[in-house]
Amino acid sequence: MIRSCIASLLFLFSAAALAQVEIENAWSRATPPGTKIGVGYLTIRNKGASPDRLVGASSPAAGRVETHVTVRKGEVMTMQPVKGYDIPANGSFELKPAGAHLMLVDLKQPLKAGERVPLILRFEKAGEVKTELVVTANAPASGMGHMQH
C-alpha cells in the first residue's frame with residue numbers, strides 16, 4: 001500500500017515537472033453575427049528542459065478547434081490544417097495573424113468584444129493547459145489581406 005502511494009506521488013511530481021508550459025497574450029477577434037469560424041492567437045512558453053508539442057485544443061464555444069498555418073501560394077495566402085506545433089525546450093512559439101493560429105470551428109454563438117473564451121490546449125508532455133482567449137474588437141495590423149480558407 002505504501003509503495004503504491006509513493007509511486008503515485010512520484011508520478012504526480014514527475015508530471016508536474018513536465019508541465020512547464022505557460023500561455024501568454026491569448027486573444028481572438030470579435031466575429032459578425034452568423035459567422036461560424038473564429039480564430040485564436042497566443043504565445044506558448046516552454047520553460048522545461050525538453051521540447052513539447054501542442055497536439056490539439058478544444059473550447060466549449062466551438063464544435064472543434066483546429067491547428068492551422070498560413071502559407072503563400074503564388075500571390076495568395078491560404079490557411080492549411082496541421083497536426084500541431086513544436087515548442088522548443090526553454091523557448092516559445094507564437095500563434096499570430098498570417099502565421100500559425102487556432103481555428104474555432106462551428107462557433108455556438110458570435111464572439112463579442114470583451115468576452116473571454118475558455119480554451120483547453122493539449123500538449124504531448126505537459127498534458128492539458130487551460131486558458132482563455134480575450135476577444136477584441138480590432139485585431140492588430142497583420143497583413144491578412146488576400147486570405148483564403
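Just so it is clear, none of the values below were taken in a lab; they were calculated from the coordinates. Values in this document were obtained by computation on a predicted structure and should not be read as measured data. Ideal geometry is used to build each Cβ from the backbone, glycine not excepted, and the neighbour counts take in all protein chains shown.
At a glance:
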| quantity | calculated |
| --- | --- |
| Long-range amide H partners of GLY56 with built H, under 5 Å | ARG122 |
| Percentage of interatomic Cα-Cα distances in region 20-139 larger than 21 Å | 35 percent |
| Euclidean distance between Cα centres, region 114-140 to region 59-74, Å | 13 Å |
| Listed residues ALA89, LEU111, THR43: farthest to the positive end of the dipole of region 20-139 (Cβ charges) | LEU111 |
| Cα-centre dipole for region 20-139 with unit charges at Cβ (Lys and Arg positive, Asp and Glu negative), debye to 20 | 180 debye |
